[in-house]
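Below is one structure, written out as structure tokens; the observations come after it.
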Protein chains: 4
Amino acid sequence: MKVTFASDNTAGASESVFQAMMDAAQGDAMPYGNDEVTAEVTEMLSALFECDLDVFMVSTGTAANVLSLGAMTPSWGSVLCHSESHILNDECSAPEFYTGGARLIGIDGQDAKIDPIKLKALTYHKIGDVHSCQPSAVSLSQVTEVGSVYSLEELRAITDIAKEAGLPVHMDGARFANALVALGCTPAEMTWKAGIDILSFGATKNGTMAAEAIVVFNKSLSKDLAFRRKRGGHLHSKMRLLSSQMKAYLTDDLWRKNAEQANSMMALLQDGLATIPGVKINTPAQANMVFCTFPKGMTEHLTEQDFTFYGGRWGEGVVRLVTSFRTPKEGVEAFIHSAKAFVEKT
Amino acid sequence: MKVTFASDNTAGASESVFQAMMDAAQGDAMPYGNDEVTAEVTEMLSALFECDLDVFMVSTGTAANVLSLGAMTPSWGSVLCHSESHILNDECSAPEFYTGGARLIGIDGQDAKIDPIKLKALTYHKIGDVHSCQPSAVSLSQVTEVGSVYSLEELRAITDIAKEAGLPVHMDGARFANALVALGCTPAEMTWKAGIDILSFGATKNGTMAAEAIVVFNKSLSKDLAFRRKRGGHLHSKMRLLSSQMKAYLTDDLWRKNAEQANSMMALLQDGLATIPGVKINTPAQANMVFCTFPKGMTEHLTEQDFTFYGGRWGEGVVRLVTSFRTPKEGVEAFIHSAKAFVEKT
Amino acid sequence: MKVTFASDNTAGASESVFQAMMDAAQGDAMPYGNDEVTAEVTEMLSALFECDLDVFMVSTGTAANVLSLGAMTPSWGSVLCHSESHILNDECSAPEFYTGGARLIGIDGQDAKIDPIKLKALTYHKIGDVHSCQPSAVSLSQVTEVGSVYSLEELRAITDIAKEAGLPVHMDGARFANALVALGCTPAEMTWKAGIDILSFGATKNGTMAAEAIVVFNKSLSKDLAFRRKRGGHLHSKMRLLSSQMKAYLTDDLWRKNAEQANSMMALLQDGLATIPGVKINTPAQANMVFCTFPKGMTEHLTEQDFTFYGGRWGEGVVRLVTSFRTPKEGVEAFIHSAKAFVEKT
Amino acid sequence: MKVTFASDNTAGASESVFQAMMDAAQGDAMPYGNDEVTAEVTEMLSALFECDLDVFMVSTGTAANVLSLGAMTPSWGSVLCHSESHILNDECSAPEFYTGGARLIGIDGQDAKIDPIKLKALTYHKIGDVHSCQPSAVSLSQVTEVGSVYSLEELRAITDIAKEAGLPVHMDGARFANALVALGCTPAEMTWKAGIDILSFGATKNGTMAAEAIVVFNKSLSKDLAFRRKRGGHLHSKMRLLSSQMKAYLTDDLWRKNAEQANSMMALLQDGLATIPGVKINTPAQANMVFCTFPKGMTEHLTEQDFTFYGGRWGEGVVRLVTSFRTPKEGVEAFIHSAKAFVEKT
């Protein structure tokens, strides 16, 4: 049995997502988002988030993130984010491209969460000094890069500092549903009620093929996003391809069910790992991702057993394990079983 | 019966395209193009074009065009193109964005084809003068914006001038298959054998949902395209979504069959229109699009009959009619019938 | 005697400008514009223009123009200007660079003045259509590229249209003083009272070495100019070098005296040319520049006589003659004399 | 007596520089660098550096730096530099602007010199990974930001690593002459013989008003610099203003004499400081700048005595003292005297 914990972007898509795409492909529809499904999606997101909002569908998470940052930051500004964040480390220099050359300022903090004290200091750093980039926006990731989740209080601590300094806040929600399920709060509570201005509402990692929504709560920021999306080449002619995926994702709580599956598999995995001598859990998983340290040889052993996951990029023995909406319970059990067997043998 | 001649991007996708997407969505696959289907697509395109080439899959035609231009043009350069071209008129300033601010220079020419004499003059305009943008690339559209098709000789006339001036040539092939079917030549003959360096190989308008390939024949230009695609937010994590569409499109000559259907429906439509007194065909259609001038009142009449198409943007009475792989023969006949009825009545 | 009519940027600088630079170079002063001379210049310009305003000193006219455009135009916008304007034809793609890739839209019009009717049509072109650049600013040149000068009524016709469409207006005043002297109005009347939001106040062509001021009347636009100037590399550390030049230029009406000298030499030149058979004045000069058509052989003859001026770039026989604050009366007379002699001889 | 140690950009210019500017301003000259003085400057620099080279005159150090970086770095690249470097901390985001959004990667290292081991690791970081900016150039400052000077061996250590990785090297020589005098080597030894590809040859801080030269040793990099300079608005029409300054600076070893004066005044200052109890020299000065830590109250005391210098930006009591070609010996002595008096009093 071949099981992957490499990433939640290796799985395909949920059945209903495909059905919806196929249905949407029948007949003709106006291009560029002037179709009925796209309108429906905006309504559904508005209902989900319990507020008026603007939606811009795109097909990649990078596009969602960097279009958002472009709308929030002048070219002479800077975006304050965690030093391990995806926008800083995994999107080449897409943020610089879309902001016209603004700078990302990495801030440290435990568990890949921005340290509020350090953030506060930076929001007042060299303000008005033309020789220095000016703090212009804050971006945080929920779930974070190491699998932790900001509590509502922690979110508030960040956004309060941002608001006081007059900076808009972007949330990279590539794993939004996983975080929401972990916190057990409403989408509204984790976003605009917590001070978020723009959300990259990720769906691709949690059941769609390629569909992400830029959700704008602070509509003063959405003025030019339509033009920016077109300029970036991200306005799909057959927009219903994207919108139908999102519609299926929002229908019958698919997003929630998928995230619950991924998170519960991670919980099972983590519980199992905790029972294995020599395995250290680096950051306790709150959603569907965990970083841990394996004893010498275990990574090779598990790889030989056809389990796939990422290692070798971080410290000695450190690996990253990710579960998805498709991770099977038997796969997790087999993984734990195999890991245990290795330890007992050595 | 509701029939649209508005655009070839209003139709959905061919059945086999969907089946392929659904199949691709089963199981896990490595992300970002490191999957098997993506590798297969490169091989298929290589076979189709009878040469070694590089392929970069993206999801919109604008992305294909502007990433190509970005790879060909320094920021202080200019792109010579037809004054009615899509890149100049219909992509906001995406070309400027992706080239770092290069300039598009529109050149006139009959039937939306670049006039070679004017092109030649411009390739030598202010060369070496730092006060002026320097000609850096040529971009032409095949099929053109008005539905005409460059003959192989006409292509050569353009590319010879470009080559002599040391400029690479881009082909916007949003309707590549329709042009190819019209000319009855091989893909190789219409591209690299005719001097094309990079092709935007369109598929979305002819049967896929959202899948375009940047096909690089002059591989010295492909060096940085991988980085540019990521920076533009156009690298799909679940790349097989795109690649599977393209694979289906290339399988069993789907691309050709779809284009033949579209073109033959246009021929039928055009033949019909030619028999109607008062209807003037502005540019004879060679592929799947025609511009013609309707007598007063005919546009309104047909619109009331539930036919949709674009008008009112160009001269008095001028309309654009486009057929697609899904245009039904009965739809064309009904349109001609209705048009005739209008003329006879008045 | 060697005399040039090639350009007003071939002359050096007025004596008092140099004296002021030398004086400013004594002793120490705070860098980056925090010196006394720079503060004085702002006060002097405020007095000259009879209003509160912001000043950003730079050392080239291109910098003044493109920083201004950058402050007025979003990256997805367009700048409406005359098709013969300097920003469109003589600054490489500096405007695209500083606006993040906005587009310049050239508008025709008699005597290099924007045609108000064509301007009006373009301000409403494809508004709200994401596929098209959005009109975002208007830029006009006073003196124009062919040496004509907008009357106050003509200026108003342009700015009224811009204001109605909500577009700010930039004036490229590379030859501002020459235009002002030609019209005989106040600086205020020719700028903010006529609807100008930002002025490139040129001084280099009229007596300084390298000193231009961006004068912002509409202070809502100056918010980020300080950052943009630094980002462009245009913030001088020893700013007093620039400011002292400008101070001398504004002292004792040097700017006016220099412009009067240049304009009166042009009037003399033009009057002389008018008396020569076979010489055609293409656009009557109102300031210090004229385009005219010489009979066959005259250009060569005058060039041999050591007169320098530009020709060979425009139509058959068309030449451009420019006078400056340093053009000597004897030089003009010698030119006319030599031209006459040529005609009489042939 | 009022003496400043704030910066070497607070002094004016050397007499001969002004004389040269004034001389250059007489008569007419072709614009945009097509004058005789500009040609002479290239010859003089070629002689000084004992090699064929290209020269691009600009008026600010930021322009020299960022135009150089733009010529060396693709938009998806990164520039490796010291974490305290001027390009990273004091030029807003001008480097991002001129490189089209490349990223600066700060590297730590003693005395503001890049640590070769850390540099080496970064030159191989994520090579070929499209998700990551690609190392594309190295930039180092000679003199560094804290007043230290790379030895020739230290320079070689950096450039060898860069060359091995295929990266060009830029030297920010805002205080080039001061470093050269400190090392006592030839200009060639400190630049191209040590592996430097492009040099920002600073003159403004050492005796000119506003004149810097981009000196290109690796001429394969100079291809597009002429266009980039124009696009940045840095091509002066009356170029001789810049060139004449540089000519005077290079004549009769003015550059060397000025640097010797600045450096010897710093030596005197440092020797004096070393005798004062409680004063700590943080980095021993090798050129004309020193960072030291003053005992409590000394900064205030000296400020009251009309000495100016920067403090309060770094650690508790840390100040920066800079000497220039104009720093008088009596000023240094007075400063030491006053500092001593303060210590004795307390």
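The values are calculated or read from the model by the stated rules, or taken from the named source; none is laboratory data. Here the structure is a predicted model, which means the values were calculated and not measured. Every residue, glycine as well, gets a Cβ built from its backbone with ideal geometry; the counts of neighbours run over all protein chains shown.
Just a few scattered comments:
- Scanning the stretch B:20-34 for residues that are in contact (Cβ under 8 Å) with a residue 24 or more places away in the chain, facing chain A (nearest Cβ under 9 Å) and on the phi < 0 side of the Ramachandran plot turns up B:M21, B:A24, B:A25, B:A29, B:P31.
- C:E96 meets all of the listed conditions (1) within 17 Å of A:R231 (Cβ to Cβ); (2) part of a helix (DSSP H, G or I); (3) out of contact with any Leu (no Cβ under 9 Å at 6 or more places or on another chain) but one, namely (3).
- Qualifying residue in the stretch B:235-247 (condition: surrounded by fewer than 24 Cβ atoms within 10 Å (Cβ to Cβ), hydroxyl-bearing (S, T, Y), touching a Ser or Thr at 6+ places or on another chain (Cβ under 7 Å) and in contact (Cβ under 8 Å) with a residue 40 or more places away in the chain): yes
- Taking the criterion of being surrounded by fewer than 24 Cβ atoms within 10 Å (Cβ to Cβ) and of a type in the set (K, R), the residues of the stretch C:149-177 that qualify are C:R156, C:K163.
- Checking B:I158 against (1) within 14 Å of chain C (Cβ to nearest Cβ); (2) within 18 Å of the chain's Cα centre (by Cα), the condition it does not meet: (1)
- Matching residues, the stretch A:45-60, being crowded, with 16+ Cβ neighbours inside 10 Å and either within 12 Å of chain B (Cβ to nearest Cβ) or over 16 Å from A:I214 (Cβ atoms) (or both): A:M57, A:V58, A:S59, A:T60
- Single residue of the stretch A:201-210 satisfying the filter (within 13 Å of another protein chain (Cβ to nearest Cβ) and out of contact with any His (no Cβ under 7 Å at 6 or more places or on another chain)) that is nearest to B:S59 (Cα to Cα): A:M209
- Residues of the stretch B:192-210 satisfying the condition of being touching a residue at least 40 places away in the same chain (Cβ under 8 Å), over 19 Å from A:M209 (Cα atoms) and assigned to a helix (DSSP H, G or I): B:W192, B:A194, B:K205, B:N206
- Filter result (in a loop (DSSP other than H, G, I, E, B) and either surrounded by fewer than 16 Cβ atoms within 10 Å (Cβ to Cβ) or basic (K, R) (or both)) within the stretch B:103-114: B:D108, B:K113
- Filter result for the condition that a residue is out of contact with any Asp or Glu (no Cβ under 8 Å at 6 or more places or on another chain) and farther than 30 Å from D:M209 by Cβ, over C:L235, C:L250, C:L241, C:L269: C:L269
- Among the residues of the stretch A:7-19, those identified as more than 8 Å from chain B (Cβ to nearest Cβ) and part of a loop (DSSP other than H, G, I, E, B) are A:D8, A:S14.
- Within the stretch C:137-148, the set of residues being buried (at least 23 other Cβ atoms within 10 Å of the Cβ) and of a type outside the set (D, E) comprises C:A137, C:V138, C:S139, C:L140, C:S141, C:Q142, C:V143, C:T144, C:G147, C:S148.
- Test: C:T42 is away from chain D (no Cβ under 14 Å), surrounded by fewer than 24 Cβ atoms within 10 Å (Cβ to Cβ) and β-branched (V, I, T): yes
- Helices (runs of 4 or more DSSP H) enclosed by the stretch C:211-317 - at least 3 residues per element that are within 21 Å of C:A174 (Cβ to Cβ): C:225-231, C:240-250, C:254-274
- Residue in the stretch A:70-83 that is crowded, with 24+ Cβ neighbours inside 10 Å, within 14 Å of chain B (Cβ to nearest Cβ), within 26 Å of A:F325 (Cβ to Cβ) and hydroxyl-bearing (S, T, Y) present: no
- Just one of (1) within 14 Å of another protein chain (Cβ to nearest Cβ); (2) at pLDDT 95 or above fails for D:G195. It is (1).
- Condition check for B:V3: under 30 Å from B:G100 (Cβ atoms) and either touching a strand residue (DSSP E or B) at 6+ places or on another chain (Cβ under 8 Å) or not assigned by TED's automatic domain parsing to the domain that holds B:R175 (or both): no
- D:K126 vs. criteria among the basic types (K, R), surrounded by fewer than 24 Cβ atoms within 10 Å (Cβ to Cβ) and more than 26 Å from A:T73 (Cβ to Cβ): no
- Residues of the stretch B:131-153 that turn out to be within 12 Å of chain C (Cβ to nearest Cβ) and among the acidic types (D, E), as a count: 0
Conditions tested, residue by residue: (1) polar (S, T, N, Q); (2) more than 25 Å from A:P74 (Cβ to Cβ); (3) in contact with a strand residue (DSSP E or B) (Cβ under 9 Å, 6 or more places away or on another chain).
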site: A:V149; (1), (2), (3): no, yes, no
site: A:R156; (1), (2), (3): no, yes, no
site: A:H170; (1), (2), (3): no, no, yes
site: A:G173; (1), (2), (3): no, no, yes
site: A:A188; (1), (2), (3): no, yes, no
site: A:K193; (1), (2), (3): no, yes, no
site: A:G202; (1), (2), (3): no, yes, yes
site: A:N206; (1), (2), (3): yes, yes, no
site: A:R229; (1), (2), (3): no, no, yes
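- Residues of the stretch C:153-191 that are under 21 Å from C:T123 (Cα atoms) and part of a helix (DSSP H, G or I): C:E153, C:E154, C:L155, C:R156, C:A157, C:I158, C:T159, C:D160, C:I161, C:A162, C:K163, C:E164.
- Leading residue by the ranking (nearest to C:V290 (Cα to Cα)) among those in the stretch C:1-31 that are surrounded by fewer than 16 Cβ atoms within 10 Å (Cβ to Cβ) and either of a type in the set (S, T, Y) or in contact with a Gly (Cβ under 7 Å, 6 or more places away or on another chain) (or both): C:M1
- Within the stretch A:28-84, the set of residues being under 21 Å from D:G101 (Cβ atoms), aliphatic (A, V, I, L, M) and assigned to a helix (DSSP H, G or I) comprises A:A63, A:A64, A:V66, A:L67, A:L69, A:A71, A:M72.
- Within the stretch B:211-243, being modelled with pLDDT of 95 or more, under 21 Å from B:A177 (Cα atoms) and within 13 Å of another protein chain (Cβ to nearest Cβ) holds for B:A211, B:E212, B:I214, B:S243.
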